[in-house]
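The values are calculated or read from the model by the stated rules, or taken from the named source; none is laboratory data. Being a predicted model, the structure only gives us computed values, none of them experimental. Counting neighbours? That spans all protein chains shown, and the Cβs are built from the backbone with ideal geometry, glycine included.
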Amino acid sequence: MWLALGAVVMVFAAFTSAYVVRKGMSLDWQAIRLPSILWLNTAVLLASSATIEKARRERQSCESWLAATSVLGAAFLAGQYVAWQQLRAAGVFLASNPSSSFFYLLTGAHGVHLLGGVLALFYVAGRAWRGAEWPNRQAAVEATALYWHFMDGLWIYLFFLLQVGGK
Amino acid sequence: MAELAPAHAAHAHAAPTGFIRKYIFSLDHKVIGLQYYFLALVAVFVGMALSLLMRWHLVWPQSHMGWLEKLFPAGAAGGVMTPELYLSLMTMHGTIMVFFVLTTAPQSGFGNYILPIQIGAEDMAFPTLNMLSFWVTFVGFVVLIAAFFVTGGAPLSGWTAYPPMSALPEAGPGEGAGQTLWIVSLALFSAASLLGALNFITTTLDLRARGLSLMRMPLTCWTWFVTAILGLLAFAVLLAAGVLLLMDRIAGTSFFVPAGLVVSDRVINHSGGSPLLWQHLFWFFGHPEVYIAILPGMGVVSQVISTFSRKPIFGYRAMVFAILAIGALGFGVWGHHMFISGMSPYSAMAFSVLTMSIGVPSAIKTFNWIGTLWGGKIRFTTPMMFAIGFVSVFVTGGLSGMFLGQPPVDLFFHDTYFVVAHFHMIMGVASIFGIFAATYYWFPKMFGRMMNDPLGKLHFWITFIGVYAVFGPMHYLGLIGHPRRYAEITGVNYLAQSHPLHLFMTIAALITVGAQLIFLFNLFWSMFKGKKAEMNPWEATTLEWTVPSPPPHDNFAGAHPVVYRGPYEYSVPGAPKDYIMQNDPEPAKAAH
């Protein structure tokens with residue numbers, strides 16, 4: 001799992017370097033106003049990190065915490081979609097400006113990765129909910145939790161980058 | 001996600017019985033390894049055919065080929081190749097060879113087949129992931145080939161796909177659907193490579209037999225391991241760059257496309273992007289990619305030279321550190337592909353110094369190979385010939401690299417045939433020689449039969465002389481300033497004089513490719529009619545030679561091998577035979 005995260009780090013490191021270079025050398029960069037719902041989304045995602053950590057430590061009866069995490073994760077994705085809609089309503093599209101291109105790109109790439117995490121959560125939570133015991137159950141929960149925390153941290157980083165770097 | 005978590009216990013799967021589970025969607029690392037190998041075999045013949053078409057066109061540009069028109073109605077209207085078709089052949093040749101041959105066969109093919117056996121494991125750590133990697137790679141290949149048959153044909157922008165050309169559908173035929181398919185294909189290939197790399201690293205770290213410490217691993221395992229690490233880091237960057245390029249093409253963003261471009265008399269509606277940004281991202285992947293192609297070959301050559309010199313590899317520790325150093329330095333030299341892009345002379349200097357410093361571990365390896373050969377009781381088998389051939393072409397390609405690594409010299413050589421000669425020698429031919437050495441060496445293990453030795457030697461000599469005949473003169477063409485990527489030389493006065501040399505190279509290429517048919521015949525004939533191979537026909541020491549040929553489904557038939565010694569204990573004084581298997585208990589320990 002750590003190795004997979006290493007690859008994810010490289011993907012986003014590449015995007016970040018593109019971001020920095022593209023911004024640094026261009027004359028056409030216009031800061032965009034980030035929708036304020038992003039703050040709410042961030043809070044939701046942080047809360048989901050707390051619930052999955054709870055699930056990880058509970059070991060046996062972790063299914064409701066896992067379910068809560070998947071709901072929060074789905075809520076985050078829905079919130080991100082709302083943020084996109086608000087930007088579109090404000091006339092800010094993917095191709096409008098490099099800063100908006102990067103906004104859609106980074107949130108989109110993060111969203112796809114998080115969606116993978118939500119699917120994994122559905123799978124693990126679903127099996128745990130049906131009361132299934134399987135040999136690697138705790139390991140599966142641990143791996144999902146690690147990935148989830150990582151996605152949380154990655155979002156904090158991206159949010160910071162878009163807030164501060166986008167100016 | 002569940003199967004991603006633990007490395008152990010996940011690989012205990014029963015031997016499949018049905019044809020589809022056994023040979024198509026197999027979980028067995030040996031079958032997957034062979035699938036990769038045969039995919040690369042198909043790819044290499046497609047790639048060679050494309051190169052022959054190009055060589056033919058360079059020498060006989062007006063020759064009429066009716067069948068070419070049938071294949072490429074737009075690119076060869078009237079049976080004569082257009083410059084655009086030439087460029088698309090070049091693009092596809094490079095892409096197929098670099099990704100689906102040089103990255104696929106040495107690492108995914110032989111690595112998959114041999115690595116688990118050499119470390120005493122039953123399979124790779126994640127068999128399902130392994131199967132997925134292969135089939136995604138396969139789909140990537142099909143998507144790439146499909147680019148030939150869409151409107152406009154295959155892309156023209158080379159295997160490096162520099163924007164703005166690669167980012168603008170209106171930039172030429174093949175830059176529409178063809179280029180999009182190209183990007184999708186490479187994205188699939190990158191994703192599959194990431195999964196594969198994950199599998200290789202976990203397998204190497206977690207599934208080694210008892211007693212097999214890292215410093216007792218065969219050098220082949222070391223190179224597959226380090227190659228996987230490079231792949232994990234590099235392909236992620238290519239994937240990211242590919243996403244950006246795709247968005248420039250289909251979503252109207254301007255990551256790479258600058259403002260004010262005029263294409264076909266129309267101003268392009270993009271602004272402020274940076275083509276250089278793509279070059280940085282691409283070569284940050286692209287240079288490690290070169291080592292992804294060559295490192296496994298170095299491992300095989302070390303293994304083969306030690307076996308057939310009947311001597312321990314000279315300087316095992318130095319070899320390991322050289323592999324690590326090459327891998328690490330490989331990430332710091334991408335700028336040497338961009339010396340002419342107007343970079344600051346200070347950056348160029350830094351990239352140049354780092355580039356030159358890769359010569360040090362490379363030379364360590366070369367001298368250690370020669371040191372291993374020195375005074376050995378050499379057995380000139382076919383794999384040994386190819387291993388020694390590898391050292392020869394590696395040195396040749398390395399020396400021309402010393403010229404190209406210096407910015408002032410590169411300013412002249414860049415975009416000439418000198419570069420073509422350099423990378424074909426060191427990346428193409430050297431890696432291919434590694435693949436050949438590996439094929440002749442492990443064929444008995446993989447198919448339980450020996451390949452024909454006289455045919456193998458014939459194949460070696462024609463190929464060895466052939467590649468020097470094809471790529472040697474290209475150095476000279478580079479010296480006289482012959483640009484690469486020109487579809488024809490007839491219209492250019494100072495180049496027209498090089499026609500005899502081009503003719504020589506084309507004929508040499510035809511003969512060399514012909515010799516590969518000998519190899520193909522030998523491969524398939526030996527598979528069914530070759531002499532039966534014993535368990536250890538080469539009298540080698542590593543674990544794959546302790547199991548039957550071919551190995552059973554779980555490699556060690558339920559046994560767990562224990563390793564007592566390093567991988568290359570040949571001609572040990574006082575030993576009963578001139579080699580000691582890795583799983584032989586040490587006499588001293590057995591006495592306790």
Keeping to segment A:85-108, report how many residues are in contact (Cβ under 8 Å) with a residue 12 or more places away in the chain, buried (at least 19 other Cβ atoms within 10 Å of the Cβ) and assigned to a helix (DSSP H, G or I). 10
Given (1) more than 9 Å from chain A (Cβ to nearest Cβ); (2) surrounded by fewer than 24 Cβ atoms within 10 Å (Cβ to Cβ), identify the lone condition not met by B:F200. (2)
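Taking A:Y147, is it within 19 Å of A:E53 (Cβ to Cβ), part of a helix (DSSP H, G or I) and among the aromatic types (F, W, Y)? Steps first, please.
Working: within 19 Å of A:E53 (Cβ to Cβ): yes; part of a helix (DSSP H, G or I): yes; among the aromatic types (F, W, Y): yes.
The answer is yes for A:Y147.
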Do we have any residue at all in segment B:543-552 that's over 18 Å from B:W442 (Cβ atoms) and out of contact with any helix residue (DSSP H, G or I) (no Cβ under 6 Å at 6 or more places or on another chain)? no
Matching residues in segment B:12-60 (of a type in the set (G, A, S), over 30 Å from B:A487 (Cα atoms) and assigned to a helix (DSSP H, G or I)) number 1
For segment B:491-512, the count of residues that are surrounded by 14 or more Cβ atoms within 10 Å (Cβ to Cβ) and not in a helix (DSSP H, G or I) equals 1
Within segment B:211-221, is even one residue assigned by TED's automatic domain parsing to the domain that holds B:Y86 and in contact with a strand residue (DSSP E or B) (Cβ under 8 Å, 6 or more places away or on another chain)? yes
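The rows are residues; the columns are (1) touching a His at 6+ places or on another chain (Cβ under 8 Å); (2) modelled with pLDDT of 90 or more; (3) β-branched (V, I, T).
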site	(1), (2), (3)
B:G18	no, no, no
B:G47	yes, yes, no
B:A77	no, no, no
B:M90	no, yes, no
Could you list, in sequence order, the residues of segment B:26-69 that are aromatic (F, W, Y) and surrounded by fewer than 17 Cβ atoms within 10 Å (Cβ to Cβ)? B:F38, B:F45, B:W60, B:W67
Restricting attention to segment B:432-478, which residues are more than 24 Å from the chain's Cα centre (by Cα) and either of a type in the set (S, T, N, Q) or modelled with pLDDT under 95 (or both)? B:N452
Scan segment B:245-293 for residues that are among the basic types (K, R) and within 11 Å of chain A (Cβ to nearest Cβ) and jot them down. none
Only one of (1) closer than 27 Å to B:V304 by Cβ; (2) within 11 Å of another protein chain (Cβ to nearest Cβ); (3) touching a Ser or Thr at 6+ places or on another chain (Cβ under 6 Å) is not met by B:I229, so which one is it? (3)
Segment A:139-167 - residue that is surrounded by 15 or more Cβ atoms within 10 Å (Cβ to Cβ) and hydroxyl-bearing (S, T, Y) and, of those, farthest from A:A68 (Cα to Cα): A:Y147
Read through the list (1) more than 13 Å from chain B (Cβ to nearest Cβ); (2) out of contact with any His (no Cβ under 7 Å at 6 or more places or on another chain); (3) not charged (D, E, K, R), then give the number of the only condition that A:S49 fails. (2)
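Out of all the residues in segment A:36-46, is one or more within 14 Å of chain B (Cβ to nearest Cβ) and modelled with pLDDT under 95?
Applying the first criterion (within 14 Å of chain B (Cβ to nearest Cβ)) to segment A:36-46 yields none.
So far as segment A:36-46 goes, no, none of its residues is within 14 Å of chain B (Cβ to nearest Cβ) and modelled with pLDDT under 95.
Which one is farthest from the other protein chains (Cβ to nearest Cβ) among residues in segment A:121-138 that are surrounded by fewer than 20 Cβ atoms within 10 Å (Cβ to Cβ) and in a helix (DSSP H, G or I)?
Of everything passing the filter in segment A:121-138, A:W129 is farthest from the other protein chains (Cβ to nearest Cβ).
For segment B:388-470, give me every one of the helices (runs of 4 or more DSSP H) that falls completely inside it and has 3 or more residues that are among the β-branched types (V, I, T) and crowded, with 24+ Cβ neighbours inside 10 Å. Steps first, please.
Working: elements: B:407-413, B:417-423, B:430-447.
Output list reads B:430-447.
Can you tell me how many residues in segment B:148-169 are in contact with a Ser or Thr (Cβ under 6 Å, 6 or more places away or on another chain) and over 22 Å from B:S341 (Cβ atoms)?
Within segment B:148-169, the subset in contact with a Ser or Thr (Cβ under 6 Å, 6 or more places away or on another chain) is B:153-159, B:165-166.
This time we only want the ones that are over 22 Å from B:S341 (Cβ atoms), so: B:153-154.
Within segment B:148-169, residues that are in contact with a Ser or Thr (Cβ under 6 Å, 6 or more places away or on another chain) and over 22 Å from B:S341 (Cβ atoms) number 2.
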From B:L517, B:L503, residue being in contact with a helix residue (DSSP H, G or I) (Cβ under 8 Å, 6 or more places away or on another chain) and either of a type in the set (G, A, S) or under 28 Å from B:F433 (Cα atoms) (or both): B:L503
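May I ask you to verify whether B:F72 is modelled with pLDDT under 95 and crowded, with 17+ Cβ neighbours inside 10 Å? Step through it out loud before you land on a result.
Numbers: modelled with pLDDT under 95: yes; crowded, with 17+ Cβ neighbours inside 10 Å: yes.
Yes; evaluated as a whole, the condition is true for this residue.
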For B:A187, indicate whether it is within 14 Å of another protein chain (Cβ to nearest Cβ), buried (at least 23 other Cβ atoms within 10 Å of the Cβ), in a helix (DSSP H, G or I) and within 22 Å of the chain's Cα centre (by Cα). no
Pairs please, first residue from segment A:10-27 and more than 8 Å from chain B (Cβ to nearest Cβ) and closer than 19 Å to A:T107 by Cβ, second anywhere and among the aromatic types (F, W, Y) and loosely packed, with under 15 Cβ neighbours inside 10 Å, Cβ atoms under 9 Å, 6+ apart in sequence or on different chains. A:T16/A:Y157
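Being touching a residue at least 40 places away in the same chain (Cβ under 8 Å) and of a type outside the set (D, E, K, R) is the filter; apply it to segment B:353-366 and report the residue that is surrounded by the most Cβ atoms within 10 Å (Cβ to Cβ). So that I can check it myself, show each step before the final result.
First, the residues of segment B:353-366 that are touching a residue at least 40 places away in the same chain (Cβ under 8 Å): B:355-356, B:359, B:361-362, B:364-365.
Still in the list and also of a type outside the set (D, E, K, R): B:355-356, B:359, B:361-362, B:364.
Values: B:T355: 25, B:M356: 15, B:G359: 16, B:P361: 20, B:S362: 21, B:I364: 18.
It comes out as B:T355.
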Of everything in segment B:75-109, what is surrounded by fewer than 17 Cβ atoms within 10 Å (Cβ to Cβ) and assigned to a helix (DSSP H, G or I)? Give them in sequence order. B:A77, B:G78, B:G79, B:P83
